Amino acid sequence: MESILKAEPSKSLTPSGKGGIRKASVWGRLKEQRLLYVLMLPALIVTLLFSYVPMFGLYMAFINYSPGGGSFFGQFFTTEFVGLEWFNYFFTNGDFYRVMRNTLAQSFLSLLFGFPMPIILALMINELRNGWFKKTFQTVSYMPHFISWVIAANIIITVLSSEGVLNNILTGIGLIDEPIQFMQKGPLFWWIIAISNTWKDMGFNAIMYLAAISAINPELYEVAKVDGASRLKQILHITLPSIKPTIIILAILAVGGILNAGFDQQFLLQNNTVLQYSEVIDTYTYKYGLQNGMFSYGAAVGLFKSVVAFILVLSVNTMAKKMNEQSLF
């Protein structure tokens with residue numbers, strides 16, 4: 001017993017001057033774990049170059065930048081500083097309400113459909129007992145994720161056209177007398193985006209939940225079977241509680257990206273007849289920032305979206321930490 005009590009302290013800890021124990025110095029830990037930091041170095045360099053260095057361009061949102069014939073940096077740092085003028089212009093013009101309404105509506109509907117469906121799909125795949133059918137079904141479910149939105153948009157437009165499959169089915173069973181012009185009805189555009197987003201990413205997002213399910217101790221299911229629990233009760237009382245941390249983390253990230261309604265799908269599926277319902281922040285930024293040459297205005301709108309997303313992530317993360325003691329950070 002005495003030998004156990006006299007166990008050596010960890011190498012990363014050193015005795016302090018007051019008889020306590022203090023952590024090793026930062027340089028000591030760096031030296032001790034230098035190989036790990038060497039392995040991290042490429043990822044750190046890539047993150048620095050592509051995530052942090054471009055942030056100096058955020059300054060463009062506070063100036064009246066207009067490209068000319070001189071050097072970029074010369075014009076960039078000598079252009080007139082206008083402060084929050086571009087933000088004020090975005091909030092006060094008539095586009096703010098329309099763009100925010102469309103962005104929030106499409107994001108909310110995509111979250112409403114797209115968040116629970118991967119969980120349901122993962123539970124369904126996990127309950128399949130035939131190994132060959134299970135692998136085949138899983139592969140087919142996440143194949144749409146790897147289809148380009150250019151191809152996916154053409155498929156959706158063809159299916160929803162007046163002579164498409166959906167109209168043929170509805171007229172064939174007598175639900176409608178005339179074909180519905182789905183792509184020309186503004187309010188329907190929100191639902192088309194939400195359903196198409198769910199269809200495209202549902203299978204791929206289910207992989208994360210399947211990974212979490214695979215980490216559950218199989219003995220829990222064996223004990224539940226002995227107690228007479230049905231497969232539904234096993235899902236409700238074992239599977240879902242076990243993957244709850246994963247669900248919470250992904251929910252925080254999903255809410256934080258609620259203003260990221262998308263760009264490719266809206267840009268490819270929209271037309272002039274539904275423009276009042278299809279314009280979101282990303283397409284709006286592209287049209288004004290790049291097509292119209294209002295670079296500072298586009299940067300201001302993009303920065304506004306990023307700030308709101310950051311606040312949402314912090315808020316939802318704090319709420320989740322207080323309610324469930326589970327959070328992203």
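Summary table
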read-out: Cross-link pairs 200/305; 200/287; 185/244; 134/244; 200/322; 185/321 - those with Cα-Cα distance over 31 Å; value: 185/244; 200/322; 185/321
read-out: Kyte-Doolittle at least 0.0, axis length at least 20 Å by Cα - qualifying DSSP helices, the chain; value: 95-114, 186-214, 295-324
read-out: Cut-off under 5 Å, modelled amide H: who pairs with residue 63 long-range; value: 82
read-out: Cα coordinate range in the chain, projected on the principal axes (Å, largest first); value: 88, 70, 34
read-out: Span from the the range 93-144 Cα centroid across to the the range 259-276 one, whole angstrom; value: 18
read-out: Debye-sum result for the range 175-329 in log10 I(q)/I(0), which assumes one identical scatterer on each alpha carbon, at q = 0.15 Å⁻¹; value: -0.98
read-out: Residues of the chain: accessible area per residue with a 1.4 Å probe, Å²; value: 63
read-out: The chain - percent of accessible surface contributed by carbon and sulfur, probe 1.4 Å; value: 67
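The values are calculated or read from the model by the stated rules, or taken from the named source; none is laboratory data. Nothing here was measured: the structure is a model prediction, and the numbers come from that model. Note: accessible area is taken over every heavy atom of the protein model, side chains too, but ligands, DNA and RNA are not part of it. Shrake-Rupley method; radii C 1.70, N 1.55, O 1.52, S 1.80 Å.
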